[in-house]
Amino acid sequence: MMIHSKLKDYEVVIEDKLEFLSGFETENVQFVIDKNVYCLYEQYFKNIPDGRLILLEATEGNKVIETALGICEDMTEISAKRNIHLISIGGGIVQDITGFVANILYRGIRWTFIPTTLLAACDSCIGGKTSLNYHKFKNLLGTFYPPDKIHICTKFFNTLSERDYKSGLGEVVKFNIMAGADGLDNIEKGIESLLRKEDTAVQHFVCSSLSYKKTFIEIDEFDRGERIKLNFAHTFGHAVEVVSNYEIPHGTAVAIGMIMADRLSVKRGLLNEDAVKRSEEVLMKIIDIDSELLNVDISDIIKAIRKDKKQTNDAMTAVLRTESDLEIIKDMTDEEVSYAVRYFKELYKTKNNMS
Ligand SMILES: NC(=O)c1ccc[n+]([C@@H]2O[C@H](COP(=O)([O-])OP(=O)(O)OC[C@H]3O[C@@H](n4cnc5c(N)ncnc54)[C@H](O)[C@@H]3O)[C@@H](O)[C@H]2O)c1
Ligand SMILES: [Zn+2]
């Protein structure tokens, strides 16, 4: 799949076997690899020359400018300068840090990215956003810099924790449902195979997710108009992440956010309840959260929505689905948010036989 970008066109390649990892040229290459991934797949990294490997611990605390600058500093030791090639392997955290490095070092170097989480493969690897946390602000600093090439191998997902795999499924289900009636049919049929991590199903849905995202980022790469619609489910999702203190991972929070946003669509008469019920069935199969987290205060969710960097004025903005499109609403009220949150809490309790 080719992604057209104003910065550079780039390609996503699907790899069937992990052996491709040993096939990279190593001259003038710096590898940056998620530490857990390196330990699990060490056998494929035997030919990385001494001094050309940096291991990163994928924590939000590490996704800061100091880590990026440290990598830049290490890379200045290499005699190849602007023709150095950075190959990074990991999830969204490694992607965010190394994308930033590839962008700023010598004003931009060649960068290959290999996503090892489902979330990075089905979503963040394309679109070119790099983000770093700054003090208590998540993803405050950032640039646009896509990789030159992306290699996706779904075999990596076999070692992901259940929590991270289901988080990735949140984005997969979201994209496919956003794609319309056929997307909903497909994901209903495919969800059990996805939960069983069947390779062909996972590959198929990663590709359908990326194809859908591609249509938005190619129209509005720098997030000024059409791409804002990709924020669907994220207004609620980000707030859920924040109030859970990031205990609920991104994709799971987005799945929850989708249930809340769609409920508002039904309330506002924008969506038909039957279709929403069907997508809820699918979403509830992938949402697994600690029941304690259902006790969060609705007022904290409202506060978190108001603080979100994508909010631009006093009234709350959100992207809602309609029967045929997505609509940006700029007049979401506190009552509507309360209603949507209460709805999710009840639904979760009922589905999980909790009182
Ligand atoms: N730039 C973007 O467009 C964008 C979009 C969405 C999210 N993000 C960012 O991505 C980050 C989340 O990324 P993520 O969910 O991909 O995961 P992650 O990078 O946070 O990794 C999650 C955990 O999985 C481990 N891991 C990674 N691959 C593995 C594998 N194959 N087997 C076993 N363990 C593995 C990691 O070591 C880590 O412990 C957040 O910081 C978020 O802000 C960025
Ligand atoms: Zn997301």
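The values are calculated or read from the model by the stated rules, or taken from the named source; none is laboratory data. Model, not experiment: these values are computed from the prediction. Counting neighbours? That spans all protein chains shown, and the Cβs are built from the backbone with ideal geometry, glycine included. Note: accessible area is taken over every heavy atom of the protein model, side chains too, but ligands, DNA and RNA are not part of it. Shrake-Rupley method; radii C 1.70, N 1.55, O 1.52, S 1.80 Å.
Worth pointing out:
- For segment 178-198, the criterion of being within 16 Å of ligand 2 (Cβ to nearest atom) and among the charged types (D, E, K, R) is met by no residue.
- Within segment 147-177, the set of residues being touching a helix residue (DSSP H, G or I) at 6+ places or on another chain (Cβ under 8 Å) and assigned to a loop (DSSP other than H, G, I, E, B) comprises 147, 153, 160.
- Considering only residues in segment 9-19 that are exposed (fewer than 15 other Cβ atoms within 10 Å of the Cβ) and of a type outside the set (A, V, I, L, M), the one that is farthest from residue 214 (Cα to Cα) turns out to be 19.
- Any hit, segment 239-248, residues being within 11 Å of ligand 2 (Cβ to nearest atom) and either out of contact with any Cys (no Cβ under 8 Å at 6 or more places or on another chain) or of a type in the set (A, V, I, L, M, F, W, C) (or both): yes
- The residues in segment 121-138 that are touching a helix residue (DSSP H, G or I) at 6+ places or on another chain (Cβ under 9 Å) and part of a strand (DSSP E or B) can be counted, and the count is 7.
- Residue 70 being over 23 Å from the mean Cα position of the chain (by Cα) and not in a loop (DSSP other than H, G, I, E, B): yes
- Any hit, segment 89-101, residues being assigned to a loop (DSSP other than H, G, I, E, B), within 23 Å of the chain's Cα centre (by Cα) and closer than 30 Å to residue 251 by Cα: yes
- Whichever residue in segment 310-355 is hydroxyl-bearing (Ser, Thr, Tyr) and part of a helix (DSSP H, G or I) and, among such residues, is least open to solvent (accessible area, probe 1.4 Å): 348
- Condition met for residue 142 (part of a loop (DSSP other than H, G, I, E, B) and closer than 28 Å to residue 307 by Cβ): no
- Among the residues making up segment 124-162, those that are more than 16 Å from ligand 2 (Cβ to nearest atom) and of a type in the set (D, E, K, R) are 136, 148, 149, 155, 162.
- Qualifying residue in segment 71-79 (condition: open to solvent by less than 70 Å² (accessible area, probe 1.4 Å) and touching an Asp or Glu at 6+ places or on another chain (Cβ under 9 Å)): no
- Pick from segment 104-123, criterion within 16 Å of ligand 2 (Cβ to nearest atom) and open to solvent by less than 10 Å² (accessible area, probe 1.4 Å), ranking: farthest from residue 2 (Cα to Cα): 118
- Residue 96 under 28 Å from residue 229 (Cβ atoms) and within 8 Å of ligand 1 (Cβ to nearest atom): yes
- Residue match in segment 83-103 (condition: open to solvent by 10 Å² or more (accessible area, probe 1.4 Å) and modelled with pLDDT under 95): yes
- Boolean, residue 225 is free of Cβ contacts under 8 Å to residues at least 60 places away in the same chain and either over 17 Å from residue 293 (Cα atoms) or over 18 Å from the mean Cα position of the chain (by Cα) (or both): yes
- Segment 209-309 holds helices (runs of 4 or more DSSP H) entirely within its bounds, and those carrying 1 or more residues that are of a type in the set (Ser, Thr, Tyr), outside the structural domain of residue 8 (by TED's automatic domain parsing) and crowded, with 19+ Cβ neighbours inside 10 Å map to 234-243, 250-267, 273-284.
- Selection status of residue 276, within 19 Å of residue 177 (Cβ to Cβ), away from ligand 2 (no atom under 16 Å from the Cβ), among the hydrophobic types (A, V, I, L, M, F, W, C) and out of contact with any Leu (no Cβ under 6 Å at 6 or more places or on another chain): yes
- Taking (1) on the phi < 0 side of the Ramachandran plot; (2) within 16 Å of the chain's Cα centre (by Cα) in turn, residue 220 satisfies each apart from (2).
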